[in-house]
Amino acid sequence: MAFSDDKQRFAFGANWSRFLTVLDDRRINEAEASLRKMLNVETLSGKRFLDIGSGSGMFSLAARRLGAQVHSFDYDLHSVACTTELRRRYFPDSLNWNVEQGSALDAGYLAKLGHYDVVYSCGVLHHTGAMWLGIENAIDRVAEGGQLFIAIYNDQGLKSHIWWLIKYIYNKLPNPLNVVYAYSLGLITNVLNILKYTLKLKPMIAIRPLLDYKKKRGMSIMHDLIDWMGGFPFEFARYDLLQEYMQVRGFALERGTLATSLGCHEMVFRKLPKMNPVCAA
């Protein structure tokens with residue numbers, strides 16, 4: 001991950017360091033399952049996998065366990081340390097998993113990495129401070145016929161701008177006041193949501209996602225909450241806009257999950273082969 005203004009950035013790596021304390025085999029298995037489902041594969045054997053903004057390193061680990069040759073990088077040194085720690089724990093002698101610091105906005109750095117069968121960057125590029133540049137750089141790393149798996153925050157109009165303000169305030173508050181602020185807002189939001197559905201006599205619609213959260217890509221709700229409240233810089237885009245943007249760049253949408261409110265669109269695109277021009281006789 002990379003940021004246009006380090007003074008305003010959220011400490012993603014520190015949050016991921018705490019996440020490693022709750023990482024277990026069940027979470028890793030859920031991460032593997034989500035990759036298989038979204039990429040529509042059973043294995044990544046023989047594939048090159050680029051993890052742009054590796055964070056905790058869990059999805060790099062999942063890709064490696066599925067057989068991929070993995071290159072992970074992140075701008076945040078704590079995130080680099082997290083990913084390195086997972087490599088040490090699970091693949092200490094592997095020559096097929098590289099981890100280093102790098103910037104999603106540094107086209108020169110990325111160009112040196114070559115092309116990949118799968119380029120993965122979920123929940124990252126909208127936090128760089130230059131989302132569209134980050135997307136362009138990710139596009140450039142996809143091999144012909146390869147896949148790009150991205151997750152980008154949904155554009156909710158005014159609500160997204162309010163979220164921008166919430167995140168801005170979080171990053172202005174001193175620690176631990178910012179953590180209290182985040183958990184308080186999270187509690188209020190969930191209580192109001194549960195109350196709304198209780199009045200409709202359907203409380204489990206709001207409660208069930210909280211109970212089943214661990215099944216969602218193997219993530220942790222407490223650590224994700226800090227990321228949601230603090231993740232800054234913060235940008236967003238509509239699903240249809242992302243699809244059109246990728247289409248004109250030679251990519252077809254293979255699979256997608258539309259975020260209808262707060263959350264990210266998860267989208268997998270396939271890079272189409274270039275058409276040879278037909279010459280008139």
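Coordinate-derived values only; no laboratory data. Note that the coordinates shown come from a computational prediction; the quantities given were computed from them, not determined experimentally. Neighbour counts run over all protein chains shown; Cβ positions are idealised from the backbone, glycine included.
Figures for the structure shown
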item: Using distinct alpha-carbon pairs, which all enter the 1/r mean, Kirkwood radius of the range 105-146 in Å; result: 10.6 Å
item: More than 14 angstrom apart: percent of Cα pairs within the range 133-192; result: 71 percent
item: Debye-sum result for the range 132-246 in log10 I(q)/I(0), which assumes one identical scatterer on each alpha carbon, at q = 0.09, 0.11, 0.15, 0.20 Å⁻¹; result: -0.35, -0.52, -0.90, -1.24
item: Integer Hz, Karplus 6.51/-1.76/1.60 couplings in order for the range 247-263, x for Gly and Pro; result: 4, 6, 9, x, 10, 10, 6, 9, 7, x, 10, 7, 7, 8, 9, 5, x
item: Signed unit charges on C-beta, dipole axis of the chain, positive-most listed residue 84, 35, 145; result: 35
item: Longest site-free stretch - the chain; sites: trypsin sites (Lys or Arg not before Pro), DSSP loop, at most 11 other Cβ within 10 Å; result: 1-111
item: Dipole of the chain [Lys/Arg +1, Asp/Glu -1 at C-beta], most positive-end residue of 230, 195, 242; result: 195
item: Length-normalised contact order of the chain in % [C-alpha pairs under 8 Å, at least 6 apart]; result: 22 percent
item: Other-chain or far-sequence residues with amide H under 5 Å of residue 254's (modelled H); result: 268, 269, 270
item: Long-range Cα-Cα pairs in the range 20-94 (distance over 14 Å), rounded percent; result: 58 percent
item: Vicinal HN-Hα couplings computed from phi for the range 100-107 (Karplus, 6.51 cos²θ - 1.76 cosθ + 1.60; Hz; Gly/Pro x); result: 7, 7, x, 10, 5, 9, 9, 4
item: Binned Cα-Cα distances of the range 49-157, short to long, each 5 Å bin given as a whole percent; result: 2, 13, 25, 26, 19, 10, 4, 1, 0, 0
item: Calculated log₁₀ intensity ratio I(q)/I(0) where the Debye formula runs over C-alpha points of the chain, q = 0.08, 0.12, 0.14, 0.17 Å⁻¹; result: -0.34, -0.76, -1.03, -1.53
item: Long-range HN-HN contacts of residue 142 with modeled amide H, under 5 Å; result: 116
item: Charge dipole magnitude, Cβ of K and R +1, D and E -1 - the chain, Cα centre, debye nearest 20; result: 740 debye
item: Per-residue HN-Hα couplings for the range 184-199 [Karplus 6.51, -1.76, 1.60; θ = phi - 60°; Hz; x = Gly/Pro]; result: 5, 5, x, 5, 4, 4, 5, 4, 5, 5, 5, 4, 4, 7, 5, 5
item: Helix-only mean residue ellipticity at 222 nm for the chain, each DSSP H run of n ≥ 4 adding -39500 (n - 2.57), per residue, nearest 500; result: -13500 deg cm²/dmol
item: Amide H contacts under 5 Å for residue 70, placed H, 5+ residues apart; result: 49, 97, 98
